[in-house]
Amino acid sequence: MRILSWIVIAYLLLALGWWSVLLFIKNRDAFLAKSQLLKIGMIAKGQIHNDEAFLATAEYQELKRWYRHQELMIFGEALFFMVSLILGIWLINKGYNDVLRASRQQRNFLLSITHELKSPLASIRLVLETLERRTLPPPRRKTLIERALSETERLDELVNNLLLSARLDASWQPVFETCNLLEKAQKLLNQYQARFAQIQFQLHASPALPPIQADCQALEMALRNLLENATKYAPQSKQIELSLALKETEKTLVISLSDQGPGIPDWEKKRIFDKFYRVGNEETRTTKGTGLGLYIVRQIVHAHGGQIDVMDNYPSGARFVIKIPIHPTDKKTKNNAHSIG
């Protein structure tokens, strides 16, 4: 079908070019014929006696201007139709590719969300069946219960991300309150250090970093999604560094998170924040996820009036930088705001 459409498009372009050339030829022939008839008539009336005199007459000059005008009209209309046809072809092709990409992303999302839901459910079910059928010593029983609780938290986080992504699309607004982001960041890193003992988590921030006015739950979720994304690709025995800095001159809070994973190709850096976007094929990908984490981070940062950028981390990995303007400490909570939770 696509080949047939390209054949039809090529035929239309060739036909347009051919008819434009044909109109030029017909217009030229009409001009030559009218010029010849005009010259014969003027010679018969004795108004001119040679070609030089005919070319200088007002009648010939008027006929020539008419011919040039017709020629410009043909050229202009041909150019207009050509540009319109090319623009239409480009828009149709872009729409087709957008639909195809959306369909592929939807398919990948369904595959990934199915895997993300089945994996913790299967783990929880296995734990419950083990506890039901066997009498285990207390240490082993405690380990299994902790594993089940961890999978439950994973499910809860997934559901929260799905619900939040829907709310972000529906004009969500942050609820500003006094937020001790340094304390939140330290608690998050402690949690992730307990989950991923093979990775070293480091926090760089001034102990005197003051509280800020922001949606604390939203920023915590943004940090959590950034950390979750970093741990998917971080090699063992490597570092993930989170830094919080306050630029007094610019009155801007700068949050930076660096990992030492494989990094992100330049052509992917603008797309990784798109909803449901993930690199590769969902059937062969080994890393888990739904493609919502970085999208949620970007929406939260933009809702706070900030911006997020991704760049290369040297010698390897990626570095996410968030810049959020500091609001006055007496900022009122917005009347139309809704809590993230």
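The values are calculated or read from the model by the stated rules, or taken from the named source; none is laboratory data. These figures come from a predicted structure and were not determined experimentally. Note that each Cβ is placed from the backbone with ideal geometry, even for glycine, and that neighbours are counted across all protein chains shown.
Counting only strands (runs of 3 or more DSSP E) wholly contained in segment 225-326, the ones carrying 2 or more residues that are hydroxyl-bearing (S, T, Y) and at pLDDT 80 or above occupy 252-258.
Matching residues to (1) under 30 Å from D274 (Cβ atoms); (2) surrounded by fewer than 10 Cβ atoms within 10 Å (Cβ to Cβ); (3) in contact (Cβ under 8 Å) with a residue 24 or more places away in the chain:
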{"site": "A15", "(1), (2), (3)": "no, no, no"}
{"site": "L23", "(1), (2), (3)": "no, no, yes"}
{"site": "R28", "(1), (2), (3)": "no, no, yes"}
{"site": "K34", "(1), (2), (3)": "no, no, yes"}
{"site": "E62", "(1), (2), (3)": "no, no, no"}
{"site": "Q70", "(1), (2), (3)": "no, no, yes"}
{"site": "F81", "(1), (2), (3)": "no, no, yes"}
{"site": "R101", "(1), (2), (3)": "yes, no, no"}
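Inside segment 208-224, residues that are aliphatic (A, V, I, L, M), more than 14 Å from V254 (Cα to Cα) and buried (at least 21 other Cβ atoms within 10 Å of the Cβ) make up a count of 2. Against the condition farther than 21 Å from V175 by Cβ and surrounded by 16 or more Cβ atoms within 10 Å (Cβ to Cβ), how does L227 come out, does it pass? Taking the combined requirement at face value, the residue satisfies it.
For every residue, the table says whether it meets (1) assigned to a helix (DSSP H, G or I); (2) of a type in the set (A, V, I, L, M).
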position: I43; (1), (2): yes, yes
position: G46; (1), (2): no, no
position: Y60; (1), (2): yes, no
position: W66; (1), (2): yes, no
position: Q70; (1), (2): yes, no
position: W90; (1), (2): yes, no
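Within the set of pairs 6 or more residues apart or between chains, which connect a residue that is charged (D, E, K, R) inside segment 149-170 to a residue that is in a helix (DSSP H, G or I) and modelled with pLDDT of 80 or more with Cβ atoms less than 6 Å apart? Every condition considered, the pairs that remain are E151/P120; E151/S123; E151/I124; R154/P120. Do we find a residue being within 46 Å of the chain's Cα centre (by Cα) and among the acidic types (D, E) anywhere in segment 75-85? Yes, segment 75-85 has at least one match. For segment 174-207, the set of residues classified as touching a helix residue (DSSP H, G or I) at 6+ places or on another chain (Cβ under 9 Å), in a loop (DSSP other than H, G, I, E, B) and surrounded by fewer than 13 Cβ atoms within 10 Å (Cβ to Cβ) consists of S206, P207, listed by residue number.
Scanning segment 133-148 for residues that are touching a helix residue (DSSP H, G or I) at 6+ places or on another chain (Cβ under 8 Å) and without any contact (Cβ under 8 Å) to a residue 24 or more places away in the chain returns L136, R141, L144, I145.
Does segment 174-183 include one or more residues that are polar (S, T, N, Q) and within 14 Å of A222 (Cα to Cα)? No, segment 174-183 contains no residue that is polar (S, T, N, Q) and within 14 Å of A222 (Cα to Cα). Restricting the first member to segment 189-200 and to residues that are assigned by TED's automatic domain parsing to the domain that holds E151 and within 13 Å of R224 (Cβ to Cβ), and the second to residues that are of a type in the set (D, E, K, R) and not in a loop (DSSP other than H, G, I, E, B), no beta-carbon pair is closer than 7 Å while six or more apart or on different chains. Considering every residue within segment 139-150, establish whether at least one is out of contact with any Ser or Thr (no Cβ under 8 Å at 6 or more places or on another chain), surrounded by 12 or more Cβ atoms within 10 Å (Cβ to Cβ) and modelled with pLDDT under 85. Checked against the condition, which is being out of contact with any Ser or Thr (no Cβ under 8 Å at 6 or more places or on another chain), surrounded by 12 or more Cβ atoms within 10 Å (Cβ to Cβ) and modelled with pLDDT under 85, segment 139-150 yields at least one hit.
In segment 9-62, the residue that is nearest to M82 (Cα to Cα) out of those that are touching a Phe, Trp or Tyr at 6+ places or on another chain (Cβ under 9 Å) and of a type in the set (G, A, S) is S20. Annotation: S119 fulfils all but one of (1) touching a residue at least 40 places away in the same chain (Cβ under 8 Å); (2) in contact with a helix residue (DSSP H, G or I) (Cβ under 7 Å, 6 or more places away or on another chain); the unmet one is (2).
Counting the residues of segment 83-99 that are among the polar types (S, T, N, Q) and exposed (fewer than 12 other Cβ atoms within 10 Å of the Cβ) gives 2.
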